[in-house]
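Structure record follows, encoded as structure tokens.
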Amino acid sequence: MQWRQRSYPEDDFLYDVFPPFIGYSNVRIPNRGGWMKMWSHENNGSFISDGTNGDVACDSYHKYTEDIKILKELGVHFYRFSIAWSRIVPTGFVADGINQGGIDYYNNLIDGLLAEGIVPFVTLYHWDLPLGLGRTNSWLNETIVNHFEDYARVVFREFGDRVKLWLTFNEPYEFCRASYNYLEESPFKEPLEKPYVCAHHVIMAHALAYHLYDKEFRPMQQGKIGITLNTNWAGPRDPNSAADLAASSRAMNFTFGWWANPIVRGEYPPIMRELIDRKSAEAGRNSSRLPTFDAEWTELINGTTDFLGLNHYSSHYVEYGNTSTGIEGDAEVRGSGDPSWEQNALGWSIVPWGLRKLLTWLHMEYKLPIYVTENGYGAAASDYLDDQPRVRYYTNYINEMLKAIKLDGADVRGYAAWSLIDNYEWSLGYTARFGVHYLNYSDPNLTRVPKASADKLRQIFADNGFPPNQTFS
Ligand code: NOJ
């Protein structure tokens, strides 16, 4: 069957406008005792869909040279990976000591990548908290801000001579909303304030790491530092309705703006301030559930990112709503999909044009360079090697990104597919597969087997997009 994305204008597949920088994101390596390890073992694995733990996962800890080879064959320019805080600072407190084995591992990985001409793009925090900090109330305790800065200093000092692209946090929206990282089941116990407190501390920690890098390391190391935020495009259900347009703006501010506004402009989005302050007062509280930065912190957080990282998978529509709970409730939005949208195995709608809308919105709103640090297709455990749905996903999403760059002027500097290899997907364990390489988890060698999507991406990357007169089948 021939197919082309026909539901929006400018149907052509674009060519020769690929961002100069292409790569893969992957691999939160199994840690040596952080939160993830404890959580995946807790209650005999009952928090994880298939009862598995992440102790081995894709085992890039032992197989990193093989993974570098695969990256080389795929012709990528960069590789985004995260450093596990607990592997560097086992207890979370630098004063307790540094793990030289962890430093050695990342040195080998970084050196191995550079030897093949692949740029390391490094995330400091991909959700895995050292247990010692979990026990002191994790991101809800303000002192974590300084422990994160101490950890960042070790990492910049040890690796910054070779790493020039840094991300402080990966998707804080997720870990501030989720129950992991908190030593309790639900951070959503009323009153709904913990996600906002967590976010506040993450923003402070981000700012401290930024200034640390800027003052003590950047003069010598000459790198860039940013943050990776995730969001759907939350488009207006009816683009001609003022109420739906306002709902779209609120939704974007309560997801992306929640983090981006403070670090770009020094304050939370005005609409968050207005709505949460009002609801807090109405509930009879004498302070807002959304904390406030004092003058000193406002100055410290303002302007603390060199670029924006974006993780993006799906989109939805929004309109005004007063029945939602949680953050959507505070934002007064109600989300919905469209029955015509295809979904992946996780129920995430596939809406390629949403990426273009989102990139264009980010560009207009923040005027900063953007790196797409994750984008990909989640399939069921039975995912197969001839993964045409993923091939279509990448083809259409990448083309929409190219439109945002070429037609709308978005300053996208790089694109990373998630992920290089099937991964341990948090509470979904091994039941979801995102990789362009297949893993048979019972194969002791964990052989990386390329899927059709790996070939497709190699081709798109090599072609800088989609050369004219291609047919898509
Ligand atoms: C977000 C996270 O950063 C990553 O860890 C996860 O595997 C993918 N998206 C897919 O859910």
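The values are calculated or read from the model by the stated rules, or taken from the named source; none is laboratory data. Predicted, not measured: the structure shown is a model, and the values here were computed from it. With ideal geometry, Cβ positions are generated from the backbone for all residues, glycine too; neighbour counts draw on all protein chains shown. Ligands, DNA and RNA are excluded from the accessible area calculation, which covers all protein heavy atoms including side chains. Shrake-Rupley method; radii C 1.70, N 1.55, O 1.52, S 1.80 Å.
Worth pointing out:
- Carbon/sulfur fraction of accessible area - the chain, other protein chains in place, 1.4 Å, %: 49
- The residues of the chain expose on average 38 square angstrom of accessible surface per residue, using a 1.4 Å probe on protein heavy atoms.
- Note on the range 74-145 and the range 270-324: Cα centroid distance 28 Å, given to the nearest whole angstrom.
- Among the cysteines of the chain, those whose beta-carbon sits 4.7 Å or more from every other cysteine beta-carbon are Cys58.
- Between Asp104 and Glu267, the simple spin-label model (points 7 angstrom out along Cα→Cβ) gives 5.2 nm.
- Label point distance in nm, Asn440-Thr143, each placed 7 Å from Cα along Cα→Cβ: 5.1
- Put a plus charge on the Cβ of each Lys and Arg, a minus charge on the Cβ of each Asp and Glu, and nothing anywhere else: the dipole of the range 21-463 about its Cα centre is then about 600 debye.
- The slack in the chain from Lys367 to Asp111, taken as 0.36 nm per residue of separation less the alpha-carbon distance, amounts to 88.8 nm.
- The convex hull around the C-alpha trace of the range 199-252, projected and averaged over every direction, spans 5.4 square nanometres.
- Cross-link pairs beyond the 28 Å C-alpha cut-off, checked among Lys63/Lys215; Lys37/Lys63; Lys224/Lys357: Lys63/Lys215
- A DSSP coil position with no more than 16 other Cβ atoms inside 10 Å describes the following GluC sites (Glu not before Pro) in the range 82-171: Glu116, Glu142.
- Relative contact order, percent, the chain [alpha-carbon distance under 8 Å, six or more residues apart]: 19
- Averaging 1/r over each pair of different alpha-carbon atoms in the range 224-313 and inverting the result gives 14.5 Å, the Kirkwood hydrodynamic radius.
- Counting every pair of alpha carbons in the range 415-473, the share spaced more than 16 Å apart comes to 53 percent.
- With a Förster radius of 22 Å applied to the C-beta separation of Ser241 and Ser336, the computed FRET efficiency comes to 0.95.
- Rolling a 1.4 Å probe over the protein chains gives His77 an accessible area of about 70 Å².
- Shape box of the chain [Cα atoms, principal axes, largest first, Å]: 63, 58, 49
- Between His211 and Arg458, full extension at 0.36 nm per residue minus the direct alpha carbon distance yields a gain of 85.2 nm.
- Placing unit charges on each Cβ (+1 for Lys and Arg, -1 for Asp and Glu) gives the range 21-463 a dipole about its Cα centre, and among Pro369, Tyr105, Phe175 the Cα reaching farthest toward its positive end belongs to Pro369.
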